[in-house]
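These notes are about the structure you will find just below.
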Amino acid sequence: MDFRDTPEEAAFRAEVRAWLEANGNKRSRPDEVFGEGLDDAARLAAAKAWQAKKAAAGYAAITWPKEAGGRGGTAMQQVIYQQEEAAYLVPGMIFEISIGMGLPTVMTWAAPELKARFLRPGLAGEEIWCQLFSEPGAGSDTGGVRTRAVKDGEDWIVNGQKVWTSGAHFCDYGILLTRTDWDKPKQEGLTMFIVDMKAPGVEVRPIHQMSGDAEFNEVFFTDVRIPDRYRLGPECGGWKVMLSTLMQERLSVGGNLPTDLHEHLIALARKCEWEDRDGGPRPAIEDARVRARIADAYLQQKGVELIIARGLTAISKGKAPGPEMSITKLVAAKAMQDIAAFALELAGPEGLIGHQALGGDWRYMQRLWLSSPGARLGGGTDEILRNVIAERVLGLPGEIRSDRKLPFRELERA
Amino acid sequence: MNFDFSDDQRLLQDAVRTMLAETSTSQAVREVLEGRASHCAAAWRNLIEMGAVAAAVPEQYGGAGLGHLELCLVAEEAGRHLAAVPLSSSFYLAAEALLRAGSEAQKRHWLPRIASGEVVATAALGSRERYRAPAPLAFDGETLTGTSPALADGGIAGLAVLRVGGELVLAGLAGAGVSREPVPTLDPTRPLAEIRFERAPAERLPTADAAAVAARVLDGAAVLLAFEQVGGAARILEQTRDYALERKAFGRQIGSFQALKHKMADIYAAIELARVHAYYGAWALSSDAPELPRAAAAARVAATRAYVVAAEEGIELHGGIGFTWEMDCHLHYRRARHLGQLIGSEHAWRARLADALIEEAA
């Protein structure tokens with residue numbers, strides 16, 4: 001048992017490190033993000049330039065086969081690249097859906113000429129992809145989508161609305177889940193397409209999040225025309241295509257979970273004062289209640305880090321990660337919320353003052369507090385994740401459902 | 001990255017699991033629970049003969065000379081099967097204290113006897129929590145006087161390592177000047193006894209820093225106990241899951257209700273978090289890493305919580321049947337309590353974890 005790289009992994013890490021040192025910029029503070037101070041257009045241009053450089057060096061899709069433009073490398077090499085890149089100012093989310101969902105789905109399901117058309121420019125960041133599955137009436141229950149695609153000669157005409165689409169405002173293409181047959185049961189009447197996000201009839205509206213940010217969008221489709229050759233998989237085979245897309249997420253071991261929250265907590269506790277029944281005030285860091293919460297913070301986030309280390313061990317040996325990986329998001333997102341909330345409490349009533357007035361030290365935890373409710377929802381709510389663990393890991397029965405066999409049209413009426 | 005046990009280590013674990021499934025049955029554990037046996041002799045004999053419990057005792061002292069990683073997996077199986085054996089007293093505590101602080105002569109004399117099962121050893125290395133201040137033990141260089149109020153496996157032990165003031169003292173329990181009285185215990189499958197010393201012959205473990213040795217041994221024990229806790233927690237969760245699949249109410253398997261599914265998912269999450277903290281502790285223990293105090297305290301707190309919640313909710317999820325003497329739920333409820341307090345409660349260990357974290361961040 002050890003935490004060291006194998007000689008091959010160490011060699012790859014050294015290669016990645018040298019390339020990043022020569023080509024990237026390191027973060028100067030932990031919460032610094034790519035393109036601070038640039039406007040949206042300039043940040044997007046800078047992100048595309050970085051992606052082009054990364055693709056040319058063979059790091060854009062390490063695990064993809066060489067004939068698809070990848071490196072033909074191992075999952076562990078992908079993880080090592082991500083670990084090393086984490087110290088650098090790189091565009092985080094912008095290409096994540098392209099590389100993690102859109103392009104792999106194209107690679108699995110599209111005709112050869114479409115692969116030739118889309119894979120290379122997608123990898124190089126010239127075109128960016130989004131994923132259009134969720135709808136206002138189909139969130140956790142994705143099988144309930146109502147966006148309608150109707151065949152018209154060699155084309156399909158699409159009408160409907162998608163929601164929670166990351167990056168739709170700057171994307172060029174998307175993978176779109178539609179309903180093409182309303183007489184089949186809900187999951188059997190779905191069909192997947194590639195959609196041109198710049199096509200007439202596509203309208204993107206940003207969603208104003210509770211955190212003040214706008215990372216997601218609503219996307220409206222009005223008589224949007226999609227050629228049949230842009231169909232991914234068979235007609236009414238969309239559910240299977242979607243599952244294959246989501247399976248890709250399983251490989252994205254590691255994610256972007258912060259591993260230093262207890263250190264932030266310690267730093268803030270050193271600056272606050274607490275009284276207890278022995279009097280005071282004393283530095284909060286000396287208070288047993290505060291120390292207990294610092295220990296709790298460590299237990300959660302270090303636990304998640306170690307579970308990922310187990311997953312990486314499996315990957316390093318060429319095996320699939322174990323079922324314990326399924327708890328990471330559930331634990332990490334709630335831990336983020338709990339830790340951030342306690343950090344704010346350290347300052348008592350003053351902790352209600354925004355970081356703009358209270359001080360930059362508080363910015364990170366205040367932003368984390370406001371974003372953590374979204375982290376508990378995205379990629380599966382806590383409740384859905386508990387169902388997944390209970391059913392797939394523990395083998396407990398699935399939910400009793402009345403909608404599996406009925407034609408979707410009848411569900412709509414009921 | 002190799003954050004897992006090796007295939008050979010897993011083979012040893014499998015062998016121990018198979019053996020304990022046959023010898024540490026519910027019936028065998030209940031012999032101890034109901035006072036008809038002091039410990040589960042068949043399981044103990046087999047664990048000794050397999051070289052499993054003496055995995056971390058060097059070969060020159062009669063052990064298997066494997067290491068602590070192997071002992072961790074033995075501990076996990078002992079926890080899984082609720083083994084009623086003096087494993088923690090003899091091997092996590094006493095043998096480790098002898099190895100770290102004993103003279104060559106003391107090690108040569110006692111360790112082979114412990115490893116062969118000829119002598120059961122126990123230890124009391126101090127706790128940060130107490131209720132009654134017992135008459136303090138006094139050691140005059142040659143004899144020991146006073147009372148050790150709740151010595152694990154004190155009823156059958158022939159040897160004890162005791163912290164007396166600033167010293168570690170080795171006392172034979174079979175000779176003159178020692179008397180013992182079993183005390184009623186919340187987990188009778190891991191019995192305690194009060195031991196009274198009246199000018200009993202004893203000798204010093206020649207260490208310059210008894211406190212440091214005790215802390216180091218307790219850290220190791222925290223890791224090993226965490227494996228027992230994780231093993232027990234996983235077992236009671238499995239039994240609860242199986243029962244929830246079998247039992248029907250309101251026309252359905254009770255395991256199909258989200259109230260139960262989600263609770264079990266949370267227990268699973270607590271166990272898997274505890275498991276990786278225990279693994280990290282195993283790594284730190286086996287490699288003698290400077291992270292050991294932090295890793296051991298984290299393993300202790302996470303595993304204590306996981307086993308307690310799995311045992312408490314195991315009864316709850318079973319419903320009325322879980323509250324009966326015949327079901328094994330209460331064996332886990334008792335064992336979770338025993339393991340969670342044997343070397344100090346989670347609160348003391350959480351304070352120790354915070355100390356380590358804050359010191360590191362200085």
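The figures follow:
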| read-out | value |
| --- | --- |
| Some residue of the range A:132-145 being of a type in the set (Val, Ile, Thr), in the same structural domain as residue A:246 (by TED's automatic domain parsing) and assigned to a strand (DSSP E or B) | no |
| Residues of the range B:235-257 classified as assigned to a helix (DSSP H, G or I) and either among the basic types (Lys, Arg) or more than 11 Å from chain A (Cβ to nearest Cβ) (or both), total | 6 |
| Conditions (1) among the aliphatic types (A, V, I, L, M); (2) more than 26 Å from residue B:279 (Cα to Cα); (3) crowded, with 24+ Cβ neighbours inside 10 Å: number failed by residue B:119 | (3) |
| Enumeration of residues in the range B:58-92 that are within 14 Å of chain A (Cβ to nearest Cβ) and over 12 Å from the mean Cα position of the chain (by Cα) | B:66, B:67, B:68, B:69, B:70, B:73 |
| Tally, over the range A:384-402, of residues that are within 15 Å of residue B:257 (Cα to Cα), within 7 Å of another protein chain (Cβ to nearest Cβ) and touching a residue at least 24 places away in the same chain (Cβ under 8 Å) | 2 |
| The range A:6-21: number of residues that are assigned to a helix (DSSP H, G or I) and either away from every other protein chain (no Cβ under 14 Å) or in contact with a strand residue (DSSP E or B) (Cβ under 9 Å, 6 or more places away or on another chain) (or both) | 9 |
| Residue A:397 being surrounded by fewer than 21 Cβ atoms within 10 Å (Cβ to Cβ), modelled with pLDDT of 95 or more, under 30 Å from residue A:133 (Cα atoms) and over 27 Å from the mean Cα position of the chain (by Cα) | yes |
| All positions within the range A:284-328 that are modelled with pLDDT of 95 or more and outside any helix (DSSP H, G or I) | A:287 |
| Residue satisfying all of: in the range A:29-45; under 18 Å from residue A:85 (Cβ atoms) and loosely packed, with under 15 Cβ neighbours inside 10 Å; farthest from the chain's Cα centre (by Cα) among these | A:29 |
| Count - residues of the range A:311-333 that are within 18 Å of residue B:266 (Cβ to Cβ) and either free of Cβ contacts under 8 Å to residues at least 40 places away in the same chain or facing chain B (nearest Cβ under 10 Å) (or both) | 8 |
| Positions within the range B:140-158 being crowded, with 21+ Cβ neighbours inside 10 Å and not in a loop (DSSP other than H, G, I, E, B), in sequence order | B:144, B:148, B:151, B:152 |
| The range B:163-198: number of residues that are within 16 Å of residue B:88 (Cβ to Cβ), touching a strand residue (DSSP E or B) at 6+ places or on another chain (Cβ under 9 Å) and of a type outside the set (Lys, Arg) | 4 |
| Selection status of residue B:272, in contact (Cβ under 8 Å) with a residue 60 or more places away in the chain, assigned to a helix (DSSP H, G or I) and in the same structural domain as residue B:217 (by TED's automatic domain parsing) | no |
| Subset of the range B:258-278 (residues that are more than 7 Å from chain A (Cβ to nearest Cβ) and under 19 Å from the mean Cα position of the chain (by Cα)) | B:271, B:274, B:275, B:278 |
| Some residue of the range A:335-358 being within 17 Å of the chain's Cα centre (by Cα) and away from chain B (no Cβ under 12 Å) | yes |
| Residue B:320 vs. criteria surrounded by fewer than 21 Cβ atoms within 10 Å (Cβ to Cβ) and either over 26 Å from residue A:311 (Cβ atoms) or facing chain A (nearest Cβ under 8 Å) (or both) | yes |
| Filter result for residue B:314 (in contact (Cβ under 8 Å) with a residue 40 or more places away in the chain, more than 12 Å from chain A (Cβ to nearest Cβ) and farther than 30 Å from residue B:215 by Cα) | yes |
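The values are calculated or read from the model by the stated rules, or taken from the named source; none is laboratory data. Nothing here was measured: the structure is a model prediction, and the numbers come from that model. Using ideal geometry, Cβ is built from the backbone for each residue, glycine included, and neighbour counts are taken over all protein chains shown.
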